[in-house]
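Colleague: Have a look at this one before I ask anything.
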Amino acid sequence: MEKIVLIPNEENVGERIDKYISDNTEDISRSYVATLSKNGLIICNGKKILKNYKIKGGEIIEIELPQPQTQEVDPENIPLDIIYEDDSLLVINKPQGMVVHPAAGNYTGTLVNALLFHCKDSLSAINGVVRPGIVHRIDKETSGLLVVAKDNLSHIGLSEQIKSKKALRSYWALVNGRVREDGTVDAPIARHPKDRKKMAVVMGGRNAVTHYKVLEDFGEYTLLECILETGRTHQIRVHMAHIGHSIVGDKVYGIKKEKFNLEGQLLHAKTLGFDHPKTFEPMQFTTEIPEHFENVLEILRRKYNR
């Protein structure tokens, strides 16, 4: 049984528990909260509560998640682009189209399946059998760097650096429209109020900050470097759409029909930096943008004689 612990703050007083939990977790919908509470799996200060419970202040919310029916995740001999590896961690360059860990509809062909084959039993167990070693995630259609922990101590050290904003996570994104100057998007993110499969900028959502820098101006498109201060689900995609510059190829938050024949958004996790969780040595990794991304940039450079 996996357990999640949440501690509401003063701003959440008066909010229904099902909304609060849904807005502050990645994979729990309000309907699932109803099921969990009905089964006595949501505990507030030691007592079971129902979905319509309203936060009063001073609560410690414990959510017990039943283990998924499919417990076994099979190792698969899938090639990995390993940028760095030692006894504590790996840095992987994930290709576009690969899901990070098994979930509904994607139980094979994931990064976790590949890691189980490559690492055997040497992966941290903090996130359970479905997400062994996974410290942070990037979307299926986002390419680029992520770090994987081989043991629990390394996992905790890496997670703390991300949580405390000490880790560097820099992405390149091609966005629609002209972005004239560098800037910051500071806008809270939560589940979309009408479409639970999407995230959105929502007042009262979780704090989310993205810094961006203009790298190349193509007039109708702009190449940006986006640096995460926080790491919410779909953060860069949501923030860029929020300021009117959706990511090229993002059919969920952006333009449905793009001029380029793309499989997903042009978003690449290009640079990753952190201190080694055991040696405390500063480490930084950078990878080239993938071919499909570079091809679009070359088309734009030829068009604008860059």
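Taken together, the values in this text are just the output of simple stated rules run on the coordinates, not laboratory data. This is a predicted model, so every value here is computed, not measured. Neighbour counts are summed over all protein chains in view; Cβ atoms, including those assigned to glycine, are modelled from backbone coordinates with ideal geometry.
Colleague: Of the options V130, I21, T222, report the single residue whose Cα projects farthest towards the positive end of the charge dipole of the chain (beta-carbon charges: Lys, Arg +1; Asp, Glu -1).
Modeller: Projecting each Cα onto the dipole axis, the largest value belongs to I21.
Colleague: Another one. Could you give the dipole magnitude of segment 69-164 about its Cα centre, charging the beta-carbon of Lys and Arg +1 and that of Asp and Glu -1, in debye to the nearest 20?
Modeller: So the dipole magnitude of segment 69-164 works out to roughly 260 debye.
Colleague: For T108, T230, what ranking results if the residue with the fewest other Cβ atoms within 10 Å of its Cβ goes first?
Modeller: T108, T230
Colleague: Let me ask another. Go from 0 up to the bin containing the longest alpha carbon distance in segment 69-164, width 10 Å each, and give me the % of pairs per bin.
Modeller: Final binned percentages: 17, 54, 27, 1.
Colleague: State to the nearest 20 debye the size of the charge dipole of segment 231-306 about its Cα centre, where the only charges are +1 on K and R beta carbons and -1 on D and E beta carbons.
Modeller: The dipole of segment 231-306 has a size of about 440 debye.
Colleague: Okay, next question. May I ask you to derive the relative contact order of the chain, considering only C-alpha pairs under 8 Å and at least 6 residues apart, and to give it as an integer percent?
Modeller: 14 percent
Colleague: Moving to a separate point now. How big is D, in µm² s⁻¹, for segment 1-107 by Stokes-Einstein at 4 °C and 1.567 mPa s if Rh is the Kirkwood radius over C-alpha pairs?
Modeller: 78 µm²/s
Colleague: To make sure I understand, if each residue's beta carbon is the centre and we count other beta carbons within 10 Å, what order do V201, V5 fall in, fewest to most?
Modeller: Arranged by neighbour count, lowest to highest, V201, V5 become V5, V201.
Colleague: Hey, another quick one. Give the relative contact order (percent, whole number) for segment 242-306; include only Cα pairs under 8 Å separated by 6+ residues.
Modeller: 20 percent
Colleague: Compute the longest continuous run of the chain that contains no exposed chymotrypsin sites (Phe, Trp or Tyr not before Pro); treat a site as exposed when its DSSP state is not H, G, I, E or B and it has at most 15 other Cβ atoms within 10 Å.
Modeller: 1-259
Colleague: At 4 °C and 1.567 mPa s, grab the translational diffusion coefficient of the chain from Stokes-Einstein with a Kirkwood Rh over Cα pairs, rounded to a whole number in µm² per second.
Modeller: The estimated diffusion coefficient comes to 62 µm²/s.
Colleague: Please tell me which of these pairs span more than 29 angstrom C-alpha to C-alpha: K194/K257; K165/K256; K3/K166; K3/K120?
Modeller: Beyond 29 Å between Cα atoms: K165/K256.
Colleague: Further, regarding this structure: How would S143, S170 line up from fewest to most surrounding beta-carbon atoms within 10 angstrom?
Modeller: S170, S143
Colleague: Given +1 on the Cβ of Lys and Arg, -1 on the Cβ of Asp and Glu, and no further charges, what dipole in debye does segment 160-306 carry about its Cα centre, rounded to the nearest 20?
Modeller: 680 debye
Colleague: Out of M283, H211, Y32, whose Cα points farthest toward the positive end of the dipole of the chain (charges: +1 Lys, Arg; -1 Asp, Glu; placed on Cβ)?
Modeller: Looking along the dipole axis, the top candidate is Y32.
Colleague: For segment 208-271, which trypsin sites (Lys or Arg not before Pro) pass both filters: DSSP loop (anything but H, G, I, E, B) and at most 15 other C-beta atoms within 10 Å?
Modeller: K251, K256, K257, K259
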